[in-house]
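Peer 1: Below you'll find the structure I mean.
The values are calculated or read from the model by the stated rules, or taken from the named source; none is laboratory data. No experiment lies behind these values; they were computed from the predicted model shown. All Cβ positions, even for glycine, are placed from backbone atoms using ideal geometry, and neighbour counts span all protein chains on display. Just so you know, the surface numbers come from the protein's heavy atoms only, side chains and all, with ligands and any DNA or RNA stripped out. Shrake-Rupley method; radii C 1.70, N 1.55, O 1.52, S 1.80 Å.
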Amino acid sequence: MENETSIIIATKNKGKVKEIWHFLKDLNINLLSLNDFENLSEIIEDGKNFKENSIKKAKIIAETFQKLTLADDSGLEVDFLNGNPGVYSSRYSGENATDKSNRDKLLSGLAEIKDLNERTARFVCHLVLWDPQRGLLFETDGFCEGWIGFEETGSGGFGYDCIFIPKGFNKTMAQLSKDEKNEISHRGKALKDFTGFINKNKFLF
Ligand code: IMP
């Protein structure tokens with residue numbers, strides 16, 4: 001890209017913004033997030049799945065600011081809880097949910113499962129790039145399989161990281177470095193696809 005392109009990351013979640021910024025920092029893109037704009041009304045995430053929510057967020061923000069917009073919708077699916085919290089991951093414990101209250105609810109829901117092998121779960125991310133004139137330019141999914149631990153361990157990352165043990169590790173996602181998490185995470189995998197797309201399609205920007 002000869003002139004620097006601006007892309008809005010359609011989230012206020014500082015944990016996500018940090019991860020996405022860390023991943024895309026070497027591309028010649030001016031990255032903005034919803035924290036750079038004031039008086040934005042909240043976008044209601046009422047889609048049935050991650051794809052519907054990410055498209056809704058990307059389209060509204062792209063059309064409002066007339067700028068390319070990257071939106072991810074992500075969450076945690078726990079097999080014993082029939083795939084919950086899923087699209088409700090950020091508000092699992094109700095309206096005023098915090099990351100901590102969501103983790104507490106999840107751990108209580110699994111209290112009877114004493115065998116780690118039965119506490120299987122996965123992080124899922126659907127990532128979308130939307131152009132205000134051309135619509136959907138790119139979409140992909142990323143997954144990260146693992147288990148829900150028995151207690152909180154580690155202080156990195158955000159959300160459910162300190163109770164999620166990714167496959168291939170005997171520590172939680174919150175004990176990994178930023179680079180290790182980006183290498184294996186659902187969002188990292190989707191962002192890797194995205195950087196491949198940007199590098200192959202520079203003519204689009
Ligand atoms: P979203 O902003 O609607 O996509 O909500 C995503 C929610 O899923 C977050 O608030 C977290 O609770 C959870 N989540 C998504 N990705 C991660 C991650 O990488 N680590 C930990 N929790 C995550």
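Peer 1: One residue is enough: does region 139-146 have a residue meeting the conditions open to solvent by 50 Å² or more (accessible area, probe 1.4 Å) and touching a helix residue (DSSP H, G or I) at 6+ places or on another chain (Cβ under 7 Å)? Outline the logic, then answer.
Peer 2: First, pick out the residues of region 139-146 that are open to solvent by 50 Å² or more (accessible area, probe 1.4 Å): 139, 141, 143, 145.
Filter again for touching a helix residue (DSSP H, G or I) at 6+ places or on another chain (Cβ under 7 Å), leaving 141, 143.
Yes, region 139-146 contains at least one residue that is open to solvent by 50 Å² or more (accessible area, probe 1.4 Å) and touching a helix residue (DSSP H, G or I) at 6+ places or on another chain (Cβ under 7 Å).
Peer 1: Determine if region 100-122 includes at least one residue that is in contact (Cβ under 8 Å) with a residue 40 or more places away in the chain and either under 21 Å from residue 57 (Cα atoms) or aromatic (Phe, Trp, Tyr) (or both).
Peer 2: no
Peer 1: Read through the list (1) buried (at least 20 other Cβ atoms within 10 Å of the Cβ); (2) more than 12 Å from the ligand (Cβ to nearest atom); (3) free of Cβ contacts under 8 Å to residues at least 60 places away in the same chain, then give the number of the only condition that residue 129 fails.
Peer 2: Of the numbered conditions (1) buried (at least 20 other Cβ atoms within 10 Å of the Cβ); (2) more than 12 Å from the ligand (Cβ to nearest atom); (3) free of Cβ contacts under 8 Å to residues at least 60 places away in the same chain, the odd one out for residue 129 is (3).
Peer 1: Show me the strands (runs of 3 or more DSSP E) entirely contained within region 113-198 in which 1 or more residues are over 12 Å from the mean Cα position of the chain (by Cα) and over 15 Å from residue 76 (Cβ atoms).
Peer 2: Values: elements: 120-131, 135-148, 164-166.
Strands (runs of 3 or more DSSP E) meeting the threshold: 120-131, 135-148.
Peer 1: Name every residue in region 170-186 that is touching a helix residue (DSSP H, G or I) at 6+ places or on another chain (Cβ under 6 Å), within 20 Å of residue 141 (Cβ to Cβ) and at pLDDT 95 or above, in order of residue number.
Peer 2: Residue satisfying the conditions is 173 alone.
Peer 1: Out of all the residues in region 149-173, which are surrounded by 19 or more Cβ atoms within 10 Å (Cβ to Cβ), out of contact with any strand residue (DSSP E or B) (no Cβ under 8 Å at 6 or more places or on another chain) and on the phi < 0 side of the Ramachandran plot?
Peer 2: 161, 162
Peer 1: Tell me yes or no: at least one residue of region 38-51 is within 25 Å of residue 182 (Cα to Cα), out of contact with any helix residue (DSSP H, G or I) (no Cβ under 7 Å at 6 or more places or on another chain) and touching a residue at least 12 places away in the same chain (Cβ under 8 Å).
Peer 2: Yes, region 38-51 contains at least one residue that is within 25 Å of residue 182 (Cα to Cα), out of contact with any helix residue (DSSP H, G or I) (no Cβ under 7 Å at 6 or more places or on another chain) and touching a residue at least 12 places away in the same chain (Cβ under 8 Å).
Peer 1: Additional query: Starting from region 145-162, keep only residues that are without any contact (Cβ under 8 Å) to a residue 24 or more places away in the chain, then list their pairs with residues that are of a type in the set (Gly, Ala, Ser) and near the ligand (Cβ under 9 Å from one of its atoms) whose Cβ atoms are within a distance under 8 Å, requiring at least 6 positions of separation or different chains.
Peer 2: From region 145-162, the pairs are 153/174; 154/174; 155/174; 161/174.
Peer 1: Do you know which residues across region 52-77 are more than 13 Å from the ligand (Cβ to nearest atom), touching a residue at least 60 places away in the same chain (Cβ under 8 Å) and hydroxyl-bearing (Ser, Thr, Tyr)?
Peer 2: 69, the sole residue that qualifies.
Peer 1: Just to check your reading of the model, which residue among 30, 39, 35, 96 is surrounded by 13 or more Cβ atoms within 10 Å (Cβ to Cβ), more than 17 Å from residue 164 (Cβ to Cβ) and not hydrophobic (A, V, I, L, M, F, W, C)? Reasoning before the result, please.
Peer 2: Working: 30 fails: surrounded by 13 or more Cβ atoms within 10 Å (Cβ to Cβ); 39 fails: surrounded by 13 or more Cβ atoms within 10 Å (Cβ to Cβ); 96 fails: surrounded by 13 or more Cβ atoms within 10 Å (Cβ to Cβ).
Going through 30, 39, 35, 96 in turn, just one is surrounded by 13 or more Cβ atoms within 10 Å (Cβ to Cβ), more than 17 Å from residue 164 (Cβ to Cβ) and not hydrophobic (A, V, I, L, M, F, W, C): 35.
Peer 1: Something else now. Out of curiosity, is residue 108 open to solvent by 20 Å² or more (accessible area, probe 1.4 Å) and either closer than 30 Å to residue 29 by Cβ or near the ligand (Cβ under 10 Å from one of its atoms) (or both)? Please lay out each step first, then the result.
Peer 2: Numbers: open to solvent by 20 Å² or more (accessible area, probe 1.4 Å): yes; either closer than 30 Å to residue 29 by Cβ or near the ligand (Cβ under 10 Å from one of its atoms) (or both): no.
Judged against the criteria, residue 108 is not a match.
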